[in-house]
Amino acid sequence: MKFNCRPVLLLGLLFVLTGCVSIFPGKAAIDYKKGYDFTTVSRLALAPVDESSRRDPLLDEATVAQFDSALSEAVAGQGLEMVDDPAQAQLLLRWHLVTRDAQDVREYNSESYFRCWRCGPSISGRSVEDITLGTFIVDMIDPELNQSVWRGVLQGEVEAEQSPAEQARRIKKACQQMLSSFPPRSIFLLGFAT
């Protein structure tokens with residue numbers, strides 16, 4: 001009996017590729033409830049939010065409106081309908097932006113590769129820059145189950161001092177990137193659904 005190693009190699013390649021994608025910078029980390037039937041989802045709505053729960057100073061009313069609009073466009077780009085009435089939606093979309101202050105510390109050393117009296121000394125130094133790190137989270141909540149069935153997380157540096165046009169462009173890009181994997185699609189490989 002001849003052993004066919006091709007299916008094993010394909011499965012191994014799939015595990016390697018999915019492992020690389022999950023740690024690739026700039027990609028959204030996605031998790032969802034296994035076994036949930038996303039094929040029936042066609043209508044989403046923004047979940048009602050208590051405005052007093054938004055404490056982040058980066059989130060003024062204009063920024064919240066930009067996120068809401070960009071998420072609605074990203075949902076439409078996935079072929080789904082965004083409805084105004086949460087009672088008519090099959091899933092509720094809730095998003096969060098969490099920021100924290102951090103420091104970007106970079107050290108460098110530059111040695112002189114030539115040993116001569118005019119080549120100059122070795123140079124080393126350290127630069128410290130105050131930055132704001134942001135975590136953008138999107139949850140899809142099933143109102144009947146009253147729990148999240150899909151979550152996307154995107155992390156990166158938030159640039160507070162940028163033009164309104166640049167801010168709108170970055171928000172739109174983040175929302176499209178976040179929802180590019182929604183709804184999850186099953187991969188049928190070797191007769192197994194993942």
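Numerical summary
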quantity: Once the Cα gyration tensor of the range 63-102 is diagonalised, semi-axes √(5λ) in Å; calculated: 24, 12, 9
quantity: Among 70-76, 145-151, 129-135, the order from most to least packed when residues are scored by Cβ within 10 Å on average; calculated: 70-76, 145-151, 129-135
quantity: Pairwise label distance in nanometres, GLN177 with ASN146, each label 7 Å out on the Cα-Cβ vector; calculated: 3.5 nm
quantity: Carbon + sulfur, % of accessible area of the range 60-111 - ligands and nucleic acids excluded, 1.4 Å; calculated: 42 percent
quantity: Förster radius 35 Å - calculated FRET efficiency between VAL105 and VAL64, Cβ distance, rounded to 0.05; calculated: 0.60
quantity: Cβ-defined net charge surrounding LEU80, 12 Å radius [Lys, Arg +1; Asp, Glu -1]; calculated: -1
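The values are calculated or read from the model by the stated rules, or taken from the named source; none is laboratory data. In this text, all values refer to a predicted model and were calculated from it rather than measured experimentally. FYI the Cβ positions are ideal-geometry reconstructions off the backbone, even for glycines, and counts take in every protein chain you see. All accessible areas refer to the heavy atoms of the entire protein, side chains included, with ligands and DNA or RNA removed. Shrake-Rupley method; radii C 1.70, N 1.55, O 1.52, S 1.80 Å.
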